[in-house]
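Down below is the structure, laid out as structure tokens.
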Amino acid sequence: MHIAVLLEKRAGDQRVAATPDTVRKIIALGHTIAIEAGAGVRAGVRDEDYAAAGARVGPSTAATLAGAHLILKVRAPDAAEIGAYPRGAAFAGLLEPHAARTEAQAYAAAGLIAFAMEFVPRITRAQTMDALSSQANLAGYRAVIEGANLYGRVMPMMMTAAGTVAAAKVFVMGAGVAGLQAIATARRLGGIVSATDVRPASKEQVASLGAKFIAVEDEEFKAAETAAGYAKPMSPEYQAKQAELVAAHIVKQDIVVTTALIPGRAAPVLVTEAMVRSMRPGSVVVDLAVSQGGNCPLSKPDQVVDVNGVKVMGFSNLPSHVAADASALYAKNLLAFLPLLTGEDKSFAPKWEDEIVKAAVLTRDGQVVHAALQGA
Ligand code: NAD
């Protein structure tokens, strides 16, 4: 199989889908690989590092794509890129598939096979391929670092000869992969941390990280986790009770990090404008859900919004802020996916009956084949 890795064209995304480490492993598996010149620079990898690992460095997108059976991507390709892919080729990336009906039709029309890494099921066998987790973990870490940077005070308690400085109170909303790492990071920096979620399983995880769990624990809460481990959309009644609890708690918080998502739907609104206005000046709201509509209606992608001295910041792509580590982990996720696309003779031959491949494939044979993207 011949594999191509492109320079990501999506504005601001600094990640790359292969590292010298994964290039060596891909070659050891019996494949060849071409990397577009400059593809890794923003993630700390020079062209010569790829060449030393055994990759061919392509001087242009077209030269890199020549003869490729599989294209490894971070983000979804744009129309120009799709037009440049060899017909019949496959590509794998973070394709934001829940909102990709039109895009999927374009992939199918171009005769491409598209794999969305977000749709890899969260089963034990697929843990090494779980790109959502590898990237969310880093996003959770970086959210706290960015929040601490915007915060006008310090994080840990400091007892000095000139007086005592209080520790920052950090509230993490949504305690999934990103939220749990945000809790751990805020604790390491000396914050006093509390967290909320609607899934009962998260209660113990939050407590095990030394944070206080705050939630409306009624009958609906007890049934809020789907079989796939995700949160269900909560009823208006639950949301009202949750808002009341959060409003009373948020007044006393210095940094609020929101990470709450429901797959395929708009993010739930958890921090209202009134709640933001109730916080004291100098405090910070970091909204990781901004690309899915935001957990705070005031947040704008990659902009600081100042509300009476409270800074509300929506980050649309925090993994890209730690591009070297995000690329290293993501490239490993793709490497783990590769055997499912490889035949006995090392050719491109996806195991179409494998449940992971079945779940991740969006288009093949000129058709949109994923159930979530079919229909009008
Ligand atoms: P996610 O990104 O979809 O959502 C983030 C968090 O927001 C979740 O914990 C969710 O419960 C929470 N949330 C949703 N609506 C909320 C609301 N109204 N109020 C408060 N919180 C709300 O989730 P994720 O981080 O991808 O993780 C989802 C689950 O999958 C977790 O249980 C996680 O541990 C699990 N997981 C399992 C595996 C595996 O077994 N291989 C791997 C990764 C994650």
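Residues in the range 177-188 that are near the ligand (Cβ under 7 Å from one of its atoms) and not hydrophobic (A, V, I, L, M, F, W, C): 1 in all. Scanning the range 57-76 for residues that are in contact (Cβ under 8 Å) with a residue 60 or more places away in the chain, closer than 25 Å to residue 329 by Cα and outside any helix (DSSP H, G or I) returns 68, 69, 70, 71, 72, 73, 74, 75, 76. Here 230, 141 are screened, and the one residue that is surrounded by fewer than 18 Cβ atoms within 10 Å (Cβ to Cβ), under 16 Å from residue 259 (Cα atoms) and under 25 Å from the mean Cα position of the chain (by Cα) is 230.
Yes or no, residue by residue, for (1) within 16 Å of the ligand (Cβ to nearest atom); (2) surrounded by fewer than 24 Cβ atoms within 10 Å (Cβ to Cβ):
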| site | (1), (2) |
| --- | --- |
| 108 | no, yes |
| 119 | yes, yes |
| 122 | yes, yes |
| 127 | yes, yes |
| 147 | no, no |
| 175 | yes, no |
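Close Cβ contacts (under 8 Å, 6 or more residues apart or on different chains) running from residues in the range 91-111 that are over 22 Å from residue 135 (Cβ atoms) to residues that are at pLDDT below 95 and surrounded by 15 or more Cβ atoms within 10 Å (Cβ to Cβ) comprise 101/373.
Taking the conditions (1) exposed (fewer than 12 other Cβ atoms within 10 Å of the Cβ); (2) of a type in the set (D, E, K, R); (3) away from the ligand (no atom under 13 Å from the Cβ) in turn, residue 204 satisfies each one other than (3). Selection of first residues in the range 262-273 that are closer than 19 Å to residue 179 by Cα and without any contact (Cβ under 8 Å) to a residue 60 or more places away in the chain and of second residues that are of a type in the set (S, T, N, Q) and outside any loop (DSSP other than H, G, I, E, B), restricted to Cβ pairs under 6 Å at least 6 apart or on distinct chains, gives the following pairs, ordered by first then second residue: 267/292. All of 144, 154, 193 fail the test of being at pLDDT 95 or above and assigned to a strand (DSSP E or B), apart from 193. The residue list 302, 306, 325 contains one member that is free of Cβ contacts under 8 Å to residues at least 12 places away in the same chain and of a type in the set (D, E, K, R), which is 306.
State yes or no: is residue 191 more than 22 Å from the chain's Cα centre (by Cα), on the phi > 0 side of the Ramachandran plot and more than 12 Å from the ligand (Cβ to nearest atom)? No, not satisfied. When each of 82, 33, 27 is tested for being without any contact (Cβ under 8 Å) to a residue 60 or more places away in the chain and surrounded by fewer than 17 Cβ atoms within 10 Å (Cβ to Cβ), the lone residue that passes is 27.
Just wondering, is there one or more residues in the range 262-276 that are in contact with a His (Cβ under 6 Å, 6 or more places away or on another chain), crowded, with 17+ Cβ neighbours inside 10 Å and not in a helix (DSSP H, G or I)? Checked against the condition, which is being in contact with a His (Cβ under 6 Å, 6 or more places away or on another chain), crowded, with 17+ Cβ neighbours inside 10 Å and not in a helix (DSSP H, G or I), the range 262-276 yields no hits at all.
The values are calculated or read from the model by the stated rules, or taken from the named source; none is laboratory data. Being a predicted model, the structure only gives us computed values, none of them experimental. Every residue, glycine among them, receives a Cβ derived from its backbone with ideal geometry; neighbour counts consider all protein chains shown.
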